[in-house]
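Engineer: This is the structure I have questions about; it appears just below.
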Amino acid sequence: MKKIGLIGGTGPESTLVYYKELNTRINNKLGGIGFPEIAIESLNLHKALDLVAKKEYDELTDYIGKQIQNLENGGADIIALTAATMHVVFDKLKTTVHKPFISIPVTAAEYAVKKGFKKVGLFGTIFTMEQDYLSRAFVANGIEVCTPSKEDRLIVHDHIANELEYGIVKEESLKELISIIQKMKEEQGIEALILGCTELPLALNDNNCPVPCLDIMEIHIQKLVELI
């Protein structure tokens with residue numbers, strides 16, 4: 001069994017899910033007789049997001065890179081980031097990583113291809129929705145990616161940054177998110193929705209979403225379980 005190294009903290013709530021699910025699923029696969037070795041380097045959420053907002057990508061790369069080096073020095077066999085937004089510097093980081101470095105966007109795009117989706121919506125932080133670091137893996141696989149209107153992007157971002165990042169799920173906010181998804185389904189013809197922030201599954205899932213959810217955290221975790 002391989003040791004997994006996670007870059008967490010961005011945010012803490014999703015990092016907890018990664019830790020719990022990796023332990024639970026691998027123990028189940030082993031018949032209840034073993035847990036994986038997991039190392040976590042937890043970033044300062046506010047520092048990391050501030051570097052993203054200021055587009056200080058070299059400094060962000062150095063910040064995350066030092067934590068990845070700690071994981072490698074600690075014996076991690078597989079490395080993964082637990083936040084979609086931090087993948088803005090994934091390509092810069094992967095040139096310095098000496099172990100398998102498992103991408104959330106690539107893993108999610110491969111899953112969407114298997115499901116046969118041709119047109120999907122994207123929710124995430126304002127940065128994720130307005131940049132292409134997450135969507136380009138889908139586009140490269142022939143899948144069109146749509147985002148909400150500018151006004152709706154701000155609404156989605158606000159609910160993520162001020163509520164979900166802190167584990168807060170408000171009923172009125174959920175209704176607002178679902179309304180935006182329904183609008184995208186009717187006006188843009190989306191067949192599924194990329195939950196492009198690892199906190200979004202705290203609120204949205206296949207049971208309440210007007211279209212199937214591409215839960216990037218769930219897809220990523222399952223890929224890591226297979227590799228471990």
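The values are calculated or read from the model by the stated rules, or taken from the named source; none is laboratory data. The structure displayed is predicted, hence computed values, not measured ones. As a convention, Cβ positions derive from the backbone with ideal geometry for all residues, glycine included, and neighbour counts pool all protein chains shown. When the accessible area is computed, the model is the full protein with side chains, heavy atoms only, and any ligands, DNA or RNA have been set aside. Shrake-Rupley method; radii C 1.70, N 1.55, O 1.52, S 1.80 Å.
Engineer: Give the carbon-plus-sulfur fraction of the accessible surface of the chain in %, rounded to a whole number; probe 1.4 Å, heavy atoms of protein chains only.
Structural biologist: Roughly 48 percent of what the probe reaches on the chain is carbon or sulfur.
Engineer: Amide H to amide H under 5 Å from residue 191: which residues, 5+ apart in sequence or cross-chain, H placed 1.01 Å off N in plane?
Structural biologist: Excluding prolines and chain starts, which carry no amide H, the hits are 119, 120, 121.
Engineer: Still on this structure: Straight-line reach only, C-alpha to C-alpha below 26 angstrom: list the lysines that residue 66 could link to, leaving out same-chain residues fewer than 8 apart.
Structural biologist: 2, 3, 20, 47, 54, 55, 92, 94, 99, 223
Engineer: Now for a different question. Based on the alpha-carbon set only, what is the convex hull volume of the chain divided per residue, in Å³?
Structural biologist: So the per-residue hull volume is 116 Å³.
Engineer: Pull up all non-local amide H partners of residue 40: gap of 5 or more, or a different chain, and H-to-H distance under 5 Å with H placed in the peptide plane.
Structural biologist: The answer is 6.
Engineer: Give me the dipole magnitude in Debye, nearest 20, for the chain about the Cα centre, with unit charges on the beta carbon: positive for Lys and Arg, negative for Asp and Glu.
Structural biologist: Values: 24 positive and 32 negative charges, 139 e Å.
Its charge dipole is roughly 660 debye.
Engineer: At what distance in angstrom do the alpha carbon centres of the range 61-135 and the range 1-29 lie from each other?
Structural biologist: 15 Å
Engineer: On C-alpha positions alone, give me the angle between the axis of helix 12-29 and the longest principal axis of the chain, in degrees, nearest 10.
Structural biologist: Taking Cα atoms only, the helix is inclined about 70 degrees.
Engineer: Measuring from the lowest to the highest alpha carbon on each principal axis, how far does the range 64-144 reach, largest first, in angstroms?
Structural biologist: In descending order, the Cα extents are 41, 27, 18 Å.
Engineer: While we're looking at this one, here's another question. What number, in nm² with one decimal, is the all-direction average of the projected area of the convex hull of the alpha-carbon atoms of the range 97-228?
Structural biologist: Mean shadow area of the hull around the Cα atoms is 8.4 nm².
Engineer: Looking at the range 104-177, I'd like the Rg to Rh ratio, where Rg is from alpha-carbon atoms and Rh is Kirkwood's inverse mean 1/r.
Structural biologist: Taking Rg over the Kirkwood Rh, I get 1.01.
Engineer: Check the straight Cα-Cα distances from residue 175 and name the lysines below 24 Å, setting aside those fewer than 8 residues away within the same chain.
Structural biologist: Excluding near neighbours in sequence, the set is 119, 150, 183, 185.
Engineer: Ok, one more. So if we plug the beta-carbon distance of residue 1 and residue 119 into 1/(1 + (r/R0)^6) with R0 = 35 Å, what FRET efficiency do we get, rounded to 0.05? Working shown, then result.
Structural biologist: Values: r = 39 Å, r/R0 = 1.12.
Computed FRET efficiency for residue 1 and residue 119 comes out at 0.35.
Engineer: So how much slack lies between residue 28 and residue 176, counting 0.36 nm per residue of separation and subtracting their Cα-Cα distance, in nm?
Structural biologist: Length difference between fully extended and current span is 49.6 nm.
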